[in-house]
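Visitor: Take a look at this one; I'll ask things after.
The values are calculated or read from the model by the stated rules, or taken from the named source; none is laboratory data. It should be emphasised that the depicted structure is a prediction, and the values quoted were computed from it without experimental measurement. Heads up, the Cβs are rebuilt from the backbone with ideal geometry, glycines too, and the neighbour counts pull from every protein chain shown.
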Amino acid sequence: MKYKKEYLKNNITSKPLISRTGLTNGLNGFTTAQKEKGSNFLFSSKQRKWLQLSVLSVATLLLLVASLQSSLILPKNNSNDKASFLSEENNNIKIGTRNTITIDGDASDWTGTLPTQIHSTAISNGEWLYKGEASDERTDLSESSNNDIVEARITADSTYLYFLIKMRDITNINLVHVSISIDVDHAQNDDKMNWLGAETGIVHSQQSNYGERNIDIHCSVADTPVIEMYADDGSSWYAPPTSPQVAINDTNDIVEARIARNDLMNPSEIWVAISTEKNIVGWNNNIDTTEDMGTCDGVDVVGGTSGSSDNAWGRDFSDGDVDNVYRISLGSDNVIPEFEEIVIPVLATSLIAFFVFRRKK
């Protein structure tokens with residue numbers, strides 16, 4: 001996204017304080033008079049004092065706004081074009097690194113507020129949020145409520161990435177199967193892992209969305225949830241090496257998991273796709289753990305047209321690939337990127353100007 005840059009003006013000369021090429025007309029737009037013993041400003045002491053106070057006021061205001069902004073998480077608009085859902089101007093958002101979650105199948109420590117529209121995303125209290133719709137899953141197979149996504153959340157602290165997927169009604173945890181693709185580089189020429197989920201038949205529609213890590217959450221042994229991962233440079237499924245945790249709760253209809261950021265290549269941003277399938281109890285390396293269902297095994301998917309009700313087949317699965325991919329930045333400061341780009345140069349210029357004034361006094 002291109003951002004329009006606004007330049008502060010010098011109230012005396014009406015010239016910009018900064019330009020794309022650097023400082024203009026002398027520092028802060030002031031002219032100088034050359035004398036035998038050096039330069040001197042053509043302003044009275046009162047004018048210089050007023051200018052110092054003005055610069056200090058601007059710097060203080062920007063610091064205050066930056067401080068307030070750092071405590072907030074603001075959403076950006078979402079795109080609804082399936083073929084190009086991921087774009088530079090959409091979903092370029094940050095989640096906090098202050099939210100440590102207890103993995104127990106209880107959503108009470110997830111405090112973000114969901115968006116009002118179905119198939120919309122938001123950022124709230126350091127969480128990335130998706131609001132799905134009940135009963136919009138594929139119903140080709142029985143007991144589909146176990147994999148009907150009504151809500152998805154992602155957050156992070158400095159060590160772990162946390163996931164929550166809420167289903168419409170989990171009646172049997174052995175039937176739940178969540179597949180997550182994590183892309184960390186968005187490489188346009190990626191040619192490795194184009195698929196999502198264990199033998200699901202689901203593929204990515206664009207090379208740039210191919211994942212570096214695939215994650216499956218399901219029961220490999222009856223009533224025993226596990227996390228299995230697959231690396232784009234690997235040849236088999238494996239358990240995350242760094243203290244993973246997972247819970248599937250049929251009372252709260254919740255799937256929760258945590259995975260170490262290091263196990264996901266310690267990314268600063270991720271591109272995420274999420275689908276569900278009907279689970280067959282077993283290990284991914286040993287059997288096909290997702291029940292077959294025609295073109296692909298997907299029961300539901302995160303994504304769709306904001307505010308528009310549609311079955312998962314029409315939203316994404318009809319062509320056998322997944323188009324809905326979300327870009328999420330993982331930061332420690334919770335500042336939306338475009339705000340940083342504006343505040344930092346302007347604040348730096350203001351502070352430089354203040355110290356130059358003091359030296360010239």
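Visitor: Considering only segment 268-290, state which residues are surrounded by 15 or more Cβ atoms within 10 Å (Cβ to Cβ) and among the acidic types (D, E).
Guide: E269, E277 - these are the residues of segment 268-290 that are surrounded by 15 or more Cβ atoms within 10 Å (Cβ to Cβ) and among the acidic types (D, E).
Visitor: Could you list all residues from segment 122-143 that are touching a Leu at 6+ places or on another chain (Cβ under 9 Å), farther than 28 Å from D223 by Cβ and modelled with pLDDT of 95 or more?
Guide: L129, K131, listed by residue number.
Matching residues to (1) touching a Pro at 6+ places or on another chain (Cβ under 8 Å); (2) in contact (Cβ under 8 Å) with a residue 60 or more places away in the chain; (3) surrounded by fewer than 21 Cβ atoms within 10 Å (Cβ to Cβ):
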position: E228; (1), (2), (3): no, no, no
position: D253; (1), (2), (3): no, yes, no
position: R258; (1), (2), (3): yes, yes, no
position: N266; (1), (2), (3): no, no, yes
position: C296; (1), (2), (3): no, yes, no
position: D300; (1), (2), (3): no, yes, no
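Visitor: For segment 204-226, which residues satisfy the criterion of being crowded, with 17+ Cβ neighbours inside 10 Å and in a strand (DSSP E or B)?
Guide: Of everything in segment 204-226, those that are crowded, with 17+ Cβ neighbours inside 10 Å and in a strand (DSSP E or B) turn out to be H204, R213, N214, I215, D216, I217, H218, C219, S220, P225, V226.
Yes/no matrix, rows are residues, columns are (1) among the hydroxyl-bearing types (S, T, Y); (2) more than 27 Å from D316 (Cβ to Cβ); (3) in the same structural domain as I217 (by TED's automatic domain parsing):
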position: Y238; (1), (2), (3): yes, yes, yes
position: P244; (1), (2), (3): no, yes, yes
position: I248; (1), (2), (3): no, no, yes
position: L264; (1), (2), (3): no, no, yes
position: P267; (1), (2), (3): no, no, yes
position: T276; (1), (2), (3): yes, no, yes
position: N286; (1), (2), (3): no, yes, yes
position: V301; (1), (2), (3): no, no, yes
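Visitor: Residue under question is I227, and the condition is that it be in contact with a Leu (Cβ under 7 Å, 6 or more places away or on another chain) and either not polar (S, T, N, Q) or not assigned by TED's automatic domain parsing to the domain that holds G105 (or both); does it hold?
Guide: No.
Visitor: Inspect segment 252-260 for any residue being among the small types (G, A, S), within 18 Å of V322 (Cβ to Cβ) and assigned by TED's automatic domain parsing to the domain that holds T159 and give the result as yes or no.
Guide: So far as segment 252-260 goes, no, none of its residues is among the small types (G, A, S), within 18 Å of V322 (Cβ to Cβ) and assigned by TED's automatic domain parsing to the domain that holds T159.
Visitor: In segment 231-244, is there at least one residue being surrounded by 19 or more Cβ atoms within 10 Å (Cβ to Cβ) and in contact with a Cys (Cβ under 9 Å, 6 or more places away or on another chain)?
Guide: No - not one qualifying residue is present in segment 231-244.
Visitor: Out of all the residues in segment 183-196, which are among the hydrophobic types (A, V, I, L, M, F, W, C) and either surrounded by fewer than 24 Cβ atoms within 10 Å (Cβ to Cβ) or at pLDDT below 90 (or both)?
Guide: Hits for segment 183-196 are V184, A187, M193, W195.
Visitor: Yes or no: segment 162-180 includes at least one residue that is assigned by TED's automatic domain parsing to the domain that holds T290, farther than 20 Å from I202 by Cα and touching a Leu at 6+ places or on another chain (Cβ under 8 Å).
Guide: The answer is no, given that none of the residues of segment 162-180 is assigned by TED's automatic domain parsing to the domain that holds T290, farther than 20 Å from I202 by Cα and touching a Leu at 6+ places or on another chain (Cβ under 8 Å).
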